[in-house]
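A.B. asks: Shown below is the structure under consideration.
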Amino acid sequence: MNLRLSSVNAELKRRDVEVFTEAVGTYFERTTRKKATVRSAYLLESRDAFPLSDFTGTITLSGRFRGIVCFTAPRVLLHHVLMMTGESDHSDLAHCDLIGEIANQFAGQARRHFGGGLEISPPALLMGHAHVIPRLAGNYPFVLPLTWHGYEGSLIVHMEPNP
């Protein structure tokens, strides 16, 4: 993964962001035996909306750090995972459960990496592209595009030290 941290996000270390990409990669590898490939990260420097897909799982962080971490993926990616795991239910609810399970994975990784001083919300599940996720005033979110089985998804890390 090619990850350059700007001075705007200087307090957030490379390892702090990588912990989330490893969690998503590990989830896909354990569940489907095919790891997700994370491509070059970039900063979403404009005030544009987050690049959301069909389904998004979001956790909110507070304590030593504050912010959000999202995993967003198209229906077809999640549908393929459901098929590979033998799941016969391919409803919207099943897709939401799956995106929530993935979000729980990176929540667990965050807890291990950042320690008990980090409060992590249960995953919020969003369907569709029209949601607005609040942005922190002090920095820009990292977008980490990933590919799994030829499908595109994204991990969005938008966090900063809590003053």
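The values are calculated or read from the model by the stated rules, or taken from the named source; none is laboratory data. Source: prediction; values computed, not measured. Don't worry about glycine lacking a Cβ; one is built from the backbone with ideal geometry, like all the others, and counts go over all protein chains shown.
A.B. asks: Consider residue 26 against the criteria (1) over 24 Å from residue 136 (Cα atoms); (2) at pLDDT 90 or above: it satisfies all of them except one. Which criterion is unmet?
C.D. replies: (2)
A.B. asks: Within segment 120-154, which residues are modelled with pLDDT of 90 or more, touching a helix residue (DSSP H, G or I) at 6+ places or on another chain (Cβ under 7 Å) and assigned to a strand (DSSP E or B)?
C.D. replies: 125, 127, 146, 148, 151, 153
A.B. asks: If you don't mind, there's one more thing I want to ask. On the basis of being touching a residue at least 60 places away in the same chain (Cβ under 8 Å), in contact with a Cys (Cβ under 8 Å, 6 or more places away or on another chain), surrounded by 15 or more Cβ atoms within 10 Å (Cβ to Cβ) and not in a strand (DSSP E or B), does residue 102 make the cut?
C.D. replies: No, not satisfied.
A.B. asks: Please tell me if residue 90 is in a loop (DSSP other than H, G, I, E, B) and either at positive phi or at pLDDT 90 or above (or both). Talk me through it step by step, then tell me what you get.
C.D. replies: Values: in a loop (DSSP other than H, G, I, E, B): yes; either at positive phi or at pLDDT 90 or above (or both): yes.
Criteria met by residue 90.
A.B. asks: Specify which of the listed residues (122, 51, 161) is within 19 Å of residue 14 (Cβ to Cβ) and either among the charged types (D, E, K, R) or surrounded by fewer than 21 Cβ atoms within 10 Å (Cβ to Cβ) (or both).
C.D. replies: Values: 122 fails: within 19 Å of residue 14 (Cβ to Cβ); 51 fails: within 19 Å of residue 14 (Cβ to Cβ).
One residue alone meets the criteria, 161.
A.B. asks: Still on this structure, I have one more. Only residues that are surrounded by 16 or more Cβ atoms within 10 Å (Cβ to Cβ) and small (Gly, Ala, Ser): list them for segment 21-48, please.
C.D. replies: Within segment 21-48, 23, 25, 36, 41 meet the criteria.
A.B. asks: Just to be sure, is residue 64 touching a Gly at 6+ places or on another chain (Cβ under 6 Å) and not hydrophobic (A, V, I, L, M, F, W, C)? Spell out the reasoning first.
C.D. replies: Values: touching a Gly at 6+ places or on another chain (Cβ under 6 Å): yes; not hydrophobic (A, V, I, L, M, F, W, C): yes.
Answer is yes for this residue.
A.B. asks: To continue, here is another question. State all residues of segment 106-119 that are charged (D, E, K, R) and either assigned to a loop (DSSP other than H, G, I, E, B) or at pLDDT below 85 (or both); if no residue qualifies, say none.
C.D. replies: 111, 112
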